[in-house]
Every structure is written in C-alpha cells, then in structure tokens.
Amino acid sequence: MLNGREKNGQLNINWKEYALGADKFKRKTVGFGKYDKREKEEMSIIQGGIGCAIWDAAIIMSRWIFKHQDSFTDQKCLELGSGVGLTGILTAHYCQSITLTDYLPPLLENLKYNVDLNSKKDTVDMDDDEEIRVNNRMIDLKEKVDVKYLNWDEIDSITVTEEDKYDIIFGSELTYSLLSVDNLIKVIQKYLKNDGIFYEILSDDRDGVSYFLEQMQEKKFISKIVPVDQQYLGSYDVDLEKKTSIKLGSVPSLESKRVNA
C-alpha cells in the first residue's frame, strides 16, 4: 500500500538503493533549448521522501513551460511539492517571481542549494571559457525565487491575505493519492487569485484524479483535462510515462476557471 492505495503497475524503482542513499546528492543536468541547462542535486529517499529525485512528470511540465514562456510573463507563481526544484527554477527565468514550497527540512535545504547552484555567480574562473559562457546566460535567481515551508495538512491554520495570493499555481503529480486531495484543494483556494490559473501534470490512473476534478467543480472551478502532446514526452535517461495535464484558471486552451457567484 502507498499512502492508502495499492501500487498500480511496476514502478521499476530500486527503493533499497534509494533508501540506502546510493547516488546520494548525485548531480543531474537537464537541458531545455540549445544551451539552456539546469543542474539539480538529488538526495536519499530517507531524507527527501518522494521529493528526493526528479520525477518524469516534472520533466514533462518543465518542457511545457519552456514552450509556453509567454504564459508566465509578469506572473507571480507558486509551485507546490517542488522536490528538487527543476520546474520552479526553470519557471523563474520567465515569470515575475516564484515561491518554491515543500515540507521536509532536507528538501527545503536542498531547494535553496539548487537555486544557488543555478544562479548567476559573482565570480567565475576566468580561465574557463565554458564556465564564463554558462554564467553569462544565467540570471540572479535569488532575486526572483523564494523557498518556503508549506505543509498542506496545516492549511486550516494559515492566514492568507490578498497580497499573498498568486496568479499561477502549479505542480506535478499532486493528486496521486486520495489522502492529499482535500487539503490540496484548500491550498489552491487560499493561495490562488480569483482570476488565477492552476496547472498540473499527472498520470490519469492515480486514485485522486477523478475525486479532485469532482471536488474542484463543486468549489466552482471549471476544469478541462487533456493528454500531454507527444513533443513533451521522450527521455532524459528515463522512459517517461504518458501523462495528462490539468489547467484550472481563466486562460483559453486547456481552459478551466473559477465561476464567481
């Protein structure tokens, strides 16, 4: 059983290897575009739980955001379940500002490390042409990225002002379990602006998906679920499963929006 549900299919993950910390803090580079690369540190599953590694849904969402940069221009964004931060760090290059969130202290520490790892450096090795070239293409992420603790189970005790709300909220595989759906919806309701958008990439065979959509409709959101285009699938050293994308908000195409009373 995984969080109250039976395992669906073969995960092909060596949990013992991850739990014992094999390849702990292994650096991975994921490329988007000709030169655009993001390096991330992964960690032991004992430390980081399911947020310890880069999952295929995060790669798919990152590819989608890279192709739809204009949708994030001048937007204040919030990423839920940031994990190692791949998608949020990429998004920071296109949005006005972004907050990366998770709830385990080692994950938050690792997120800050990855933000720094991918941020423009004040000093570089002047004898290393590659390092100079890469650094010149970077931005100071620390000016645009905030890393914060957010535990969905504590959402009822959190006060959110209008200034705290976001234009876009997004995440990958957030509705994998029924146990997380109700509090996830509360987080979206509290943090999303009335005309805001929620994006999610997920496997549509997860237990929480249909319940999530039903509950969002009851909460006066209109949602549309669509298959992910083949161009966003493929492989960066892994065989990516077919995913589905969800968008909740007010922009045409994959349209979903809150209906105001």
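Any read-out appearing in this document is the output of simple, stated calculations on the displayed coordinates, not a laboratory observation. Given the structure is predicted, the values throughout are model-derived calculations rather than measurements. Cβ placement follows ideal geometry from the backbone for every residue including glycine, while neighbour counts extend to all protein chains displayed.
A few points about this structure:
- Kirkwood-based Rg to Rh ratio, segment 78-126, C-alpha trace: 1.02
- Remark: for residue pairs Lys148/Lys219; Lys144/Lys186; Lys148/Lys220; Lys112/Lys144, the C-alpha separation exceeds 24 Å in Lys148/Lys219; Lys144/Lys186; Lys148/Lys220.
- Isotropically averaged projected area of segment 47-227, using the convex hull of Cα atoms (one quarter of hull area), nm²: 11.3
- Between Tyr211 and Asp229, residue separation times 0.36 nm minus the direct Cα-Cα distance comes to 4.1 nm.
- Whether segment 97-183 is rounded, prolate or oblate, judged on the alpha carbon gyration tensor where a/c under 1.5 counts as rounded: prolate
- When only Cα pairs below 8 angstrom with a gap of at least 6 residues are kept, segment 47-227 shows a relative contact order of 21 percent.
- The simple spin-label model puts a point 7 Å past each Cα toward its Cβ; for Asp74 and Glu154 those points are separated by 3.5 nm.
- With R₀ set to 45 Å, the beta-carbon distance separating Glu109 from Asp195 gives a calculated FRET efficiency near 0.85.
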